[in-house]
Each structure stands twice: as C-alpha cells, then as structure tokens.
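The values are calculated or read from the model by the stated rules, or taken from the named source; none is laboratory data. All values reported here derive from a predicted model rather than from experimental measurement. Here the Cβ positions follow ideal geometry from the backbone for every residue, glycine too, while neighbour counts run over all protein chains shown.
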Amino acid sequence: MIQHNFSKPWKHIQHLVLAVLLFLGACSTQNQSDNESASITAKESALNLKLAAGKTLYESNCAACHDSGSSGDPKLSNKEAWIGRMAEGKEVMTKKAIAGIDGKIGMMPPRGGNTSLTDEDVKTVILYMTSQINRCEENTSVESPVL
C-alpha cells in the first residue's frame, strides 16, 4: 500500500487561506471606515433636509409672531429670550408648542394656530428654531417677555 503525505500541501493551503483572510480583514477595516464616512455624510444630509423643511414650516406658520415679537412672542433672533426654554429641552418645547402656551404675557395657540401641523411637523420646526437660536449672538437690546 502506498502512503501519501498530504500534510505539506495542506500546510501551504492553510498558510494561503490565512494570508487571504488577513488581506480581507485589512480591506474590511478600510471599507468600514468608508462606510462610517458615508453614514456620517448621509446623517448630515438627512439633518440638512430636516432643517430645510423646518425652515419652510417656520416661515409659513411661526415667523409672523416670532420674527416680530409684536404680541410678546419671543423673537427667534433673541437668544436671551430662549435660554430658559432651551434649558427645558427640545422635547418639552415640542410638547408645549403642540399643546399651546398660556404665558405671563400673551399666549400661543396649539400648533401655533395651524391644527393641520402634525406632531412631527412641530418637532421639525423646533429643531430648526433651536438651530437658529444656537447660531444667534446674544441680543439683549430688545427684551422679550417669557411666555
């Protein structure tokens, strides 16, 4: 009976498989980095789209009061007027905007007076408004009462 020694070719195959796996692992790390970059870019794009939608909703539903501050409404450009509200967090701000606010001076009707706005619409407006408030320089020259 003839015996074959398969151990040497098998060892070469094992080394080759190991080398291929190491190479693929290195490629996977690069692909993971590329995927993370793409994920960040996608998240930034989604945020930018949401902010654009929030701006449109703000301009058509909220700007009349929050740009002028004519009825005691806190002006969007007055960061000082928003500090306490922002400290409560976006979730509380959203709940109050949905339910309406009876403030010390003035009031805001539920959903800013537009009952067709969904909860998600209001949340999108709050996201936009807080992004703008955070960009405002403090303007304390015109004080807006707290609602």
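Some points to look at:
- Restricting the first member to the stretch 45-69 and to residues that are at positive phi, and the second to residues that are among the β-branched types (Val, Ile, Thr) and not in a helix (DSSP H, G or I), the beta-carbon pairs closer than 9 Å and six or more apart or on different chains are GLY69/VAL142.
- Test: residue in the stretch 62-81 that is surrounded by 13 or more Cβ atoms within 10 Å (Cβ to Cβ) and under 23 Å from ALA46 (Cα atoms): yes
- THR115, sole failed condition from (1) at pLDDT 90 or above; (2) under 19 Å from THR130 (Cβ atoms); (3) out of contact with any helix residue (DSSP H, G or I) (no Cβ under 9 Å at 6 or more places or on another chain): (2)
- Test: residue in the stretch 79-89 that is modelled with pLDDT under 95 and within 16 Å of the chain's Cα centre (by Cα): yes
- Count of the stretch 82-126 residues, restricted to those that are of a type in the set (A, V, I, L, M, F, W, C), under 20 Å from ALA53 (Cα atoms) and crowded, with 18+ Cβ neighbours inside 10 Å, is 6.
- Candidate set: the stretch 75-108, residues that are in contact with a strand residue (DSSP E or B) (Cβ under 9 Å, 6 or more places away or on another chain) and not in a helix (DSSP H, G or I); chosen: the one farthest from VAL125 (Cα to Cα): ASP102
- Residue check: LEU47 meets all listed conditions (1) assigned to a helix (DSSP H, G or I); (2) of a type in the set (A, V, I, L, M, F, W, C); (3) at pLDDT below 90 but one, namely (3).
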